[in-house]
Amino acid sequence: MPVTHTTSTHEYDVAIVGGGPVGTLLAILLGRQGKRVALVERWTQAYDRPRAVTYDHEIARILATLDINSENDPAISYHDELYYWKDAELQNLQIVDWQSTSASGWRVRYWFNQPELESRLTGIANGFPCITQFRGWTTTDLSQDASGVDLTLQRNSDEVGPNGETQQLRAKFLVGADGANSFVRTSLGIENEDKGYFFDWLILDMIPKGPYEMKPAQWQLCDPKRPTTIVPGGPGRRRWEFMVLPGESNEEIQKPERAWELLEPWGLTPDNAELERSAVYRFQARWAKTWNKGRCAIAGDAAHLMPPFAGEGMCAGVRDAFALGWRLNAILEDKMGIEVLDSYTTERLAHARHYIDFSQELGKIICISDELQAAERNARMKAELAARNNTPVPTDICQLGPGIWCEESAHAGELSVQGVVKTSTGQDRFDQAVGRGWVVIGLDADPTEALTEAQRKQLTLLDGMTIKIGSPGTPCYAVDIDGTYAKWLAQINARYVILRPDFYVAAAANTPQVLQQRFDKIISQLHLQTAKAEALA
Ligand SMILES: Cc1cc2nc3c(=O)[nH]c(=O)nc-3n(C[C@H](O)[C@H](O)[C@H](O)COP(=O)(O)OP(=O)(O)OC[C@H]3O[C@@H](n4cnc5c(N)ncnc54)[C@H](O)[C@@H]3O)c2cc1C
């Protein structure tokens, strides 16, 4: 007979449902600012099925704020090579630049193992006493009122303890990072927009027992007989993804014996490799129509799903966590109004949609199993590649949707450029050498002098800072060692840039007057809490 009892209500600043990469990262971002976080996760153990293997430079920049350095971490690898798409005869159809260093200061792509990253994040979260983790508990009910959100948690019988045991939580805010079938999204009555895109792929994670070299390291085989993705899987691992063809059975194809048959042409056998995981996934493309409602928000797969062809699904979720982190911290510190959560939806939804569309377009090219269509595609893509002399396409730059940035300003709404700078404490990438938050930089000009007194106080309220960057040999706080800032600001004809806590450009300006106007515009969108702002005035 299940025991049913309800313990007393616990109070938190933020309750997060879902302890995947997105929920756990958000918990850390709030916990390190001292917020009381309840992180509720259905399972006691990390989910160990194959999923993400690659993230981009922006995620490397975010992980660096947790002291996870993608350049020299034993669990993360990179390959300084281009990314190729080839036809069945191994002729190039497309070449993508995955070997450069991106403008944001990190390599374009890194490779990793998702369960390892998740356990790393959980380990970091464990270090914050203000984060309480409810593992083995499922959120089964929620309701919100003007001042908070109430949650009911139920103990999982198949995990720990008797089914039926429940407890109540109350938090000022709730974030649903509870994956594709999000209970939070459904409970809030938020509908999905669905692109009606479905393809099933078999995902095989392999651990070669000895050295195994794949040339090129990362590529797509666009063979209509079996579209295949061949990529690294982080140190010591390789990943193969095989499209399940029309008429094939998902159950049948994911059996180990079938997996080994598919791997044989690639030189992998049970003697020289371990089949770590084999699973069929249905690739989908969809997004939730809004990502915030009252005191609740959704993030990660709960808010968007995309096929993994661009390697951007988890990346989008990590950006969500980062975008929510600075907003929720500021709201909870009575600095900003709850209205800033609206810009979370408008900015992030448009950004994620870009990657959903992009991934879906890639999928349309890759998932062709018809010989005639494949021949047409090959001819078109080869002609396009030849027309641009086989030049690799750069990875794209994506802008936020409308929100807290000045549309009239160059580079605003885009990830900021990052260079190496030297300060009195050492030399490093700007984020590590100087720090992050609301930062106004001035090139060979002191932004403190360019702002009005009232604006300096507003920046103080936001825990922001002004940084003068200068060429080597000039008086400044941060020396532009490799000329990155001189080049960037010359390109956008600016002397000042306002950076946000998520590294996006809020505004750029070439005179103190324009800086002041644009600073005011940004501040007006932050819903600064007037009592605090007036007290500082
Ligand atoms: C085959 C494949 C390959 C991929 N490759 C890449 C890639 O290379 N790069 C990339 O960026 N992305 C990739 N992705 C996408 C990436 O894996 C996901 O976007 C990412 O895992 C989403 O993280 P999340 O935290 O939002 O959700 P999840 O990882 O799904 O976590 C949600 C958590 O919520 C918990 N939960 C759910 N409901 C409740 C409830 N009611 N109460 C309590 N807990 C609950 C679940 O147990 C789960 O742990 C890939 C996906 C697939 C399937």
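Scanning the chain for helices, which whole DSSP H stretches are 27 Å or more long along the axis (Cα) and average -0.5 or more by Kyte-Doolittle?
Helices meeting the span and hydropathy rule in the chain are 313-332, 340-366.
Can you order the peptides 307-320, 439-452, 259-272, 117-130 by their average number of other Cβ atoms within 10 Å per residue, highest first? Don't jump to the answer; show the numbers that get you there.
Values: 307-320: 25.0, 439-452: 20.2, 259-272: 13.8, 117-130: 16.6.
Sorting 307-320, 439-452, 259-272, 117-130 by mean packing, highest first, produces 307-320, 439-452, 117-130, 259-272.
Stokes-Einstein D for the stretch 384-492 at 20 °C, 1.002 mPa s, Kirkwood Rh over Cα pairs, in µm²/s?
Using the Kirkwood radius from Cα pairs, D works out to 134 µm²/s.
Placing one identical point scatterer on every Cα of the stretch 253-376 and ignoring solvent, what is log10 I(q)/I(0) from the Debye formula at q = 0.09, 0.17, 0.21, 0.23 Å⁻¹?
The computed values of log10 I(q)/I(0) come out as -0.42, -0.92, -1.12, -1.22.
Between residue 387 and residue 168, take the C-beta separation as r, use R0 = 60 Å, and let me know the FRET efficiency to the nearest 0.05.
So the FRET efficiency works out to roughly 0.40.
Report the far tail of the P(r) of the stretch 1-149, meaning the percent of Cα-Cα pairs longer than 17 Å.
Result for the distance tail: 69 percent.
Which FRET efficiency, nearest 0.05, do residue 67 and residue 89 yield, Cβ-Cβ r, R0 51 Å? Each step should come with its number before you reach the end.
Values: r = 46 Å, r/R0 = 0.91.
After rounding, the FRET efficiency stands at 0.65.
Using just the C-alpha positions of the stretch 24-82 as equal point scatterers, what log10 of I(q)/I(0) does the Debye formula give at each q in 0.12, 0.16, 0.23 1/Å?
-0.43, -0.73, -1.14
If each of residue 511 and residue 444 carries a label point 7 Å out from its Cα toward its Cβ, how far apart are those two points in nm?
Going from the residue 511 label point to the residue 444 one covers 1.9 nm.
Each residue of the stretch 180-185 in order: what ³J(HN,Hα) in whole Hz does its phi give by Karplus 6.51 cos²θ - 1.76 cosθ + 1.60, θ = phi - 60°, with x for Gly and Pro?
With coefficients 6.51, -1.76 and 1.60, one gets 4, 9, 2, 5, 5, 4 Hz.
Can you list the lysines whose alpha carbon is less than 26 Å from that of residue 172, not counting same-chain residues fewer than 8 positions off?
Partners found: 35, 289, 293, 335, 532.
When every alpha-carbon pair in the stretch 282-332 is counted, what percent end up more than 16 Å apart?
Numbers: 552 of 1275 pairs.
In whole percent, the share of Cα-Cα pairs in the stretch 282-332 beyond 16 Å is 43.
Would you work out which of 108, 212, 34 lies farthest towards the positive end of the dipole of the chain? Charges go on Cβ: Lys and Arg +1, Asp and Glu -1.
Result: 34.
Could I get the Rg over Rh figure for the chain? Both from C-alpha atoms, Rh via Kirkwood, rounded to two places. Could you put the intermediate results ahead of the total?
Working: Rg = 24.4 Å, Rh = 24.9 Å.
When Rh is taken as the Kirkwood radius, the ratio is 0.98.
Please compute the volume of the convex hull spanned by the alpha-carbon atoms of the stretch 174-286 and report it per residue in Å³. Don't jump to the answer; show the numbers that get you there.
On the way: hull volume 16.5 nm³, N = 113.
Roughly 146 Å³ of hull volume per residue.
At 7 Å along Cα-to-Cβ for each site, give me the label-to-label distance between residue 452 and residue 143 in nm.
Label-label distance for residue 452 and residue 143, simple model: 4.7 nm.
Which far-off residues, 5 or more places away or on another chain, put their amide H under 5 Å from the one on residue 39, with H placed in the peptide plane?
It is 16, 132, 133, 134, by chain and number.
Just to compare against my own numbers: the Cα pair-distance distribution for the stretch 330-386, 10 Å bins, whole % per bin, please.
Taking every Cα pair in the stretch 330-386, the percentages come to 19, 26, 20, 15, 11, 9, 0.
Here, each number is a calculation from the coordinates, and none is a lab measurement. Owing to the predicted nature of the structure, the values given are computational and were not obtained by experimental measurement. Glycine also receives a Cβ, built like all others from the backbone with ideal geometry; neighbour counts cover every protein chain displayed.
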